[in-house]
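Readers should treat all values here as calculations from the given coordinates under stated rules, not as data from a laboratory. Since the structure is predicted, the reported quantities are computational estimates derived from the model, not experimental observations. Neighbour counts are summed over all protein chains in view; Cβ atoms, including those assigned to glycine, are modelled from backbone coordinates with ideal geometry.
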Amino acid sequence: MPAERVPMRQAREIIRLKFSAGVATREIARRLGLAPSTVRETLSRLTSAGLSWPLREDLTEGELEAALYASRRSKRGHRLHAEPDWPLVHRELKRKHVTLQIVWDEYIAASPGGYSYSRFCELYRGFESKLSPTMRQTHAAGERLFVDYAGDGVAVVIDRRTGELRKAQIFVAVLGASSFTFAHASWTQTLPDWIDAHVRALAAIDGVPQLIVPDNTKTAVVKACLYDPQVNRTYAEMAAHYGTAILPARPRRPRDKAKVEQAVLIVERWLLGRLRHRTFHSLAEVNAAIADLMTDLNEVRPIRRLGVTRQRLLEEVDRSALKSLPAQPYEFAEWKNCRVGIDYHIEVAAHYYSVPHRFIRAEVEVRLTVRTVEIFLKGERIAAHARGGGNHKHTTIDEHMPSSHRRYAGWTIERIREDARRIGPATTALCELILESRPHPEQGFRACLGIVRLSGPYGAQRLEAAAERALDIGARTYGSVKSILDNNLDRRPAAKRATDATPILHPNIRGPRYYN
């Protein structure tokens, strides 16, 4: 068990009292408030170190400490004062499964007369205490990626004529172990830009950490809680795609994200300070400038006290512990809650998508990407569609329809128009008027289909006559045409037309029969 180590101020006083004033060991211990054994051990170490009174005037406290407490491993007293490479020790300790004991074993194997394990640990702690507050945190290799936005943005001129400015937001991500830093500008801090920045950061790192640590921003965290925070579903889905997890910093615990706070400060000084005199006219220009400066920060500028660059630390420390990127980057997706209508369709972004008819009135979840629409019920996907435009049209899969509706599936507006043309010009004109009179052609689909099908029981000739009479009286419904046929009104003499027999079609012209 090593003897108690005394401060160098007291060690000098022990030596002075003993050799200059000739004070007894017990009296020295009483005066300085030390144990007599500690005084004797200090004097013994002085002799073993080969020092004598008076001490050299230029002997610093660090040199005296190294001399008194260096390891005496050799029986012959031979001592090599080999100073460890503390920055290298610090980097090695970030590797997975590496401890101070392992590093000391390797050090003492290379320098048999070096420091004892306890002294080695003391000196390393002293070195570590001189690092920045962020560096004093223990971050295992490949474990955590800290993310946040910088407090200040970059001004971008969006209108050259008026000089109108808009602030670009700066996203910052930093790896805990290597301090490799990524920055990217976006117009907003909304969910799409937040996710896009994460995807770009992981691509720049070319790997995936075990955890991503954001602040409790509303974009990332639905409900902040010390014990069970609720993460935004899209954000959690992105993390699952990359095989990582989201661990929000604890509320009102700034030390949880001290690493990214320091990185934000560095980025603000490194980027914003250097870009303050530049004028940008697009977000692309801002990101190009940021990319150049971040290359310098990561690959050229060494970290103070460690003497190596962030890029080198990334390759030496983090790389082996990072997971590989998936084959495809994450595609941004939003989630919405919808209720299935009685027509077995849901409305999403001004478009209608079908689901199996048995789910009518069910509450479903919809996952929207740029290209696809996926519909889930209790976690099970029940339908998938290519995303349509916001034109209030319908996307329907035949298998989703009830059997009673499927017999209409082969009918389209173009087919109805073609069959109407085969019957005659009046039928064609009537169907066109019905389709054009509705806000959307699909709403007149069934009426036209019914009219065309009346040619079966009544014949094409009678239907054409009934359509002509309907045009004369301004009738625009299936029921009106069927009533004309049922009451044989189509067989009554029609009013004489002009020689070209072209009907005049206009919503304000009802024809002479309307007033009979």
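Structure summary
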read-out	value
Fraction of antiparallel bridges per DSSP, the stretch 334-406 only, in percent to nearest 5	90
Which of 281, 90 has the fewest Cβ neighbours within 10 Å, and the rest in rising order	281, 90
Residues 208, 157, sorted so that the one with the fewest Cβ neighbours within 10 Å comes first	157, 208
Anisotropy class of the stretch 144-321 from Cα gyration tensor, a/c 1.5 cut	oblate
Violating pairs (Cα-Cα greater than 24 angstrom) within the set 18/130; 218/393; 336/378; 218/323; 336/393	18/130; 218/393; 218/323
Estimated vicinal HN-Hα couplings, Hz - the stretch 353-370 in sequence order (Karplus 6.51, -1.76, 1.60; Gly, Pro = x)	10, 7, 10, x, 4, 5, 9, 4, 6, 7, 7, 10, 10, 10, 9, 10, 10, 5
Point-to-point label distance, residue 282-residue 301, nm (Cα→Cβ direction, 7 Å offset)	2.8
Inter-site label distance for residue 291 and residue 415 at 7 Å from Cα along Cβ, in nm	5.2
Sparse-neighbour loop sites [chymotrypsin sites (Phe, Trp or Tyr not before Pro); the stretch 150-226; at most 16 other C-beta within 10 Å; DSSP]	187
Stretch gain in nm, segment residue 196-residue 127, where the contour uses 0.36 nm per residue and the Cα spacing is subtracted	20.9 nm
